[in-house]
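Just below is one structure, and these are the notes that go with it.
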């Protein structure tokens, strides 16, 4: 089990990786917006959403099962080989089934689009590639190989950015070109992973291990499908209730709001998943989890506020005028995703008790609530109604996770604790919106937003919202970093023959 120092360092690795992921994602935005109209971007979003449901059905949650039973397996390598062997077999079978039904599926999902069958086939292939890469990523995460796990994510995205630029801007490939770029990028990364694992991978099916991983993963599958309906079905509803242009603008705002994933949620989950399963049985495990919960809430609402404050300037820099209205949905989307991420704490009891089906039922309930709210809100408020529906569903799921998870493992955290951080962030954001029209240009608005964002940290510290131990740990780590940099500087100056005094 990792200690706090090791956890902190690996958290920094994941954070640095996620920041680079965010930068690469920002490069994708102008590529899309300068080659797609809002309507075309909306159609491309429908393709990627179909690909997501294919990934859930192809992966069957086996990478989650591998993470869950990694520490309980006497032979983790054999368990990984079993997951990979089954993933390849099941993925190829899925491709054949989906290709056989490509015609009817294309007509139902993409209408009369002539590229529909190709989108169906590429989605099936991309799903297989993504599911196999996820198994390798899960293995690296459970081994605390932060650098390798981060490198896989970065390489995949970097290739996708370069190939998307080539296929869209240079070759004018349109939506099919953007989808093909994803296929080539993921295929290249998976090929490199398989080549690096050639000495260790052996086709094998360990039946007891596979049964445990599948039982755990299949319990999560209904929840994954519900999660798809929760996060992506609103695009299809908006296409029918409004139009494809509204889908495109809303999807761009959703893309900005979802930046909370690489900025915070993904690095936190990568380091917290093995940590919580390693310590929850220990005598002080609950106390440690409560401490992380406080840190996470303060930091999370700070990130939500940052996305809300800088969404409009980012869209003005990265997109065309047609997409600028998207900034108004960003606060709702970012808040909803952060509330959903709190289930990492609330659902621990469900996972240690292996009640994954109950976990899935909660997500399905959230998806049904989201669909109902979308049907109620979208005709009245358009994309803002869709964002409000998503937020309402995430809040409802978060509360249900808290209630259900505490029955099996009581951490001792309070459900309403995030409200005080949310209240501070909301007051600051309302101040920004009130003074936004008088900022007088992009530069002053960026300075105004930066000042307000920094004021959250100062106000949180002054109001006692920052955990005292967090500031102490941060000061210690910064001091150690300063000393390390000083020692390195002296060595460099000595090597150059210059006095370091």
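The table below gives the values:
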{"item": "Options 27, 8: the member that is surrounded by fewer than 19 Cβ atoms within 10 Å (Cβ to Cβ) and either under 30 Å from residue 245 (Cβ atoms) or modelled with pLDDT of 85 or more (or both)", "result": "27"}
{"item": "Looking only at the range 66-80, and only at residues there that are buried (at least 21 other Cβ atoms within 10 Å of the Cβ) and at pLDDT 85 or above, the one that is nearest to residue 229 (Cα to Cα)", "result": "66"}
{"item": "Qualifying residue in the range 268-286 (condition: crowded, with 19+ Cβ neighbours inside 10 Å and over 30 Å from residue 353 (Cβ atoms))", "result": "no"}
{"item": "Which listed residue, of 170, 159, is in contact with a helix residue (DSSP H, G or I) (Cβ under 7 Å, 6 or more places away or on another chain) and over 21 Å from residue 59 (Cα atoms)", "result": "159"}
{"item": "Any hit, the range 364-387, residues being assigned by TED's automatic domain parsing to the domain that holds residue 317, in contact with a helix residue (DSSP H, G or I) (Cβ under 9 Å, 6 or more places away or on another chain), surrounded by 15 or more Cβ atoms within 10 Å (Cβ to Cβ) and closer than 22 Å to residue 302 by Cα", "result": "yes"}
{"item": "Criterion violated by residue 148 - all others in (1) in contact (Cβ under 8 Å) with a residue 12 or more places away in the chain; (2) in contact with a helix residue (DSSP H, G or I) (Cβ under 6 Å, 6 or more places away or on another chain) satisfied", "result": "(1)"}
{"item": "Residues located in the range 214-251, provided they are more than 18 Å from residue 336 (Cβ to Cβ) and within 18 Å of the chain's Cα centre (by Cα)", "result": "220, 221, 225"}
{"item": "Of all residues in the range 46-63 being more than 29 Å from residue 249 (Cβ to Cβ) and surrounded by 22 or more Cβ atoms within 10 Å (Cβ to Cβ), the one that is modelled with the highest pLDDT", "result": "58"}
{"item": "Criterion: over 19 Å from the mean Cα position of the chain (by Cα), in contact (Cβ under 8 Å) with a residue 12 or more places away in the chain, assigned by TED's automatic domain parsing to the domain that holds residue 378 and under 30 Å from residue 69 (Cβ atoms) - qualifying residue of 283, 314, 278", "result": "278"}
{"item": "Lone qualifier among 232, 237, 259 - being at pLDDT below 75 and in the same structural domain as residue 154 (by TED's automatic domain parsing)", "result": "232"}
{"item": "Hey, residue 457 in the same structural domain as residue 291 (by TED's automatic domain parsing) and within 27 Å of residue 230 (Cα to Cα) or not", "result": "no"}
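Here is a yes/no grid of residues against (1) assigned to a helix (DSSP H, G or I); (2) touching a strand residue (DSSP E or B) at 6+ places or on another chain (Cβ under 7 Å); (3) closer than 28 Å to residue 162 by Cβ:
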{"site": "56", "(1), (2), (3)": "yes, no, yes"}
{"site": "64", "(1), (2), (3)": "yes, no, no"}
{"site": "74", "(1), (2), (3)": "no, no, no"}
{"site": "117", "(1), (2), (3)": "yes, no, yes"}
{"site": "124", "(1), (2), (3)": "yes, no, yes"}
{"site": "136", "(1), (2), (3)": "yes, no, yes"}
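The values are calculated or read from the model by the stated rules, or taken from the named source; none is laboratory data. What you see is a predicted model, and the numbers here were worked out from it, not measured in a lab. Ideal geometry is used to build each Cβ from the backbone, glycine not excepted, and the neighbour counts take in all protein chains shown.
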